[in-house]
Amino acid sequence: MRDVVEILAEAGMPTAVAEPLDGGFSNETYRVTGGQVDAVLRLNGQQNDVLGLSRAGEAAAIRAAAGRGVAPQVLAAGEDYLLTALVPGALVTPEQSHEPRYIRELARVLTEVHALDGMDRRCEPFWLVRTYLDGARRLGVSMPDGLDGVLREVDAIEARAAARGDRNAYCHNDFYRFNIIADYGRLTVLDWELSGAGNLYFDLATRAPGRHARQPLARLHAVGHVVPRTPPGRPRHGA
């Protein structure tokens, strides 16, 4: 990774100061102060290189979502970094995520995300599962017992979704509360690294209640069993 001072100078904030932030599994993140605005700098890890997901496409999606009021402003971006304006507020709490006003706001935000159009970036949950596993195998990671049975179930869920004609749209694909900032009730979505066109019900499944809702297979089950068929004549978005 390049030096933070070099990146901030390139981004037009040569006198700014960066302090490391906790959190994140695949990237380094810093809070940036002393510039024109307070900001957050993310140094990109290798996850998207492995997945083949475009960083330029991610930045374009965040800019489009910011225009709809549901993502932070992009101040600067490159292949190895993303600089966004600091979002005021705090992460949505488990209690808030069950309050009716926040449920309504979450629904509004997802509606805006799924309305994003013209984004040349694809990331589907079924593809993502297989791609992560392929990467793990290349790294020599041992596969758990019973995986083949789980993957057959994933294949069956994907087939049901395709047979139903589920609608595709641009999706966030990581729509958990720890990626959502609340500021006086208004929500802003962070971490668009896995965003892309895919099955929109995956975003809905991440918000599904229940103690197993965070588990990937449970989310795929929600795609395969819970959601209704797309009404006839409704336009499809995304590839």
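Data overview
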| quantity | calculated |
| --- | --- |
| Burial order of peptide ranges 126-139, 154-167, 185-198, 105-118 (average beta-carbon count within 10 Å, highest first) | 185-198, 105-118, 154-167, 126-139 |
| Cut-off 14 Å between beta-carbons: net charge of the residues surrounding LEU75, Lys and Arg +1, Asp and Glu -1 | +1 |
| Cut-off 16 Å, label 7 Å out along Cα→Cβ of VAL141, residues of segment 11-42 by amide N | 25-27 |
| Cα-derived Rg to Rh of segment 108-161, Kirkwood definition | 1.12 |
| Unit charges on C-beta of K, R, D, E only; dipole of segment 15-60, Debye | 100 debye |
| In Å², nearest 10: area of MET119 left accessible to a 1.4 Å probe | 50 Å² |
| At 1.567 mPa s and 4 °C, Stokes diffusion of segment 127-201 via Kirkwood alpha-carbon radius, µm² per second | 86 µm²/s |
| Alpha-carbon centroids, segment 71-131 and segment 29-56: separation in whole Å | 15 Å |
| THR15/ASP120 FRET efficiency (R0 45 Å; Cβ-Cβ; nearest 0.05) | 0.80 |
| Highest-first arrangement of 145-151, 65-71, where packing means the average Cβ count within 10 Å | 65-71, 145-151 |
| Segment 52-133 - Rg over Rh from alpha carbon coordinates, Kirkwood radius | 1.01 |
| Debye-sum result for segment 1-124 in log10 I(q)/I(0), which assumes one identical scatterer on each alpha carbon, at q = 0.13 Å⁻¹ | -0.62 |
| Loop trypsin sites (Lys or Arg not before Pro), segment 1-46 (other Cβ atoms within 10 Å of the site Cβ: 15 or fewer; DSSP) | ARG2 |
| In segment 21-96, the GluC sites (Glu not before Pro) that fall in loop regions by DSSP, at most 14 other Cβ within 10 Å | GLU79, GLU95 |
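The values are calculated or read from the model by the stated rules, or taken from the named source; none is laboratory data. In this text the structure is predicted, and so the values were computed from the model without any measurement. Glycine also receives a Cβ, built like all others from the backbone with ideal geometry; neighbour counts cover every protein chain displayed. Side chains included, ligands, DNA and RNA excluded: accessible areas come from the protein's heavy atoms. Shrake-Rupley method; radii C 1.70, N 1.55, O 1.52, S 1.80 Å.
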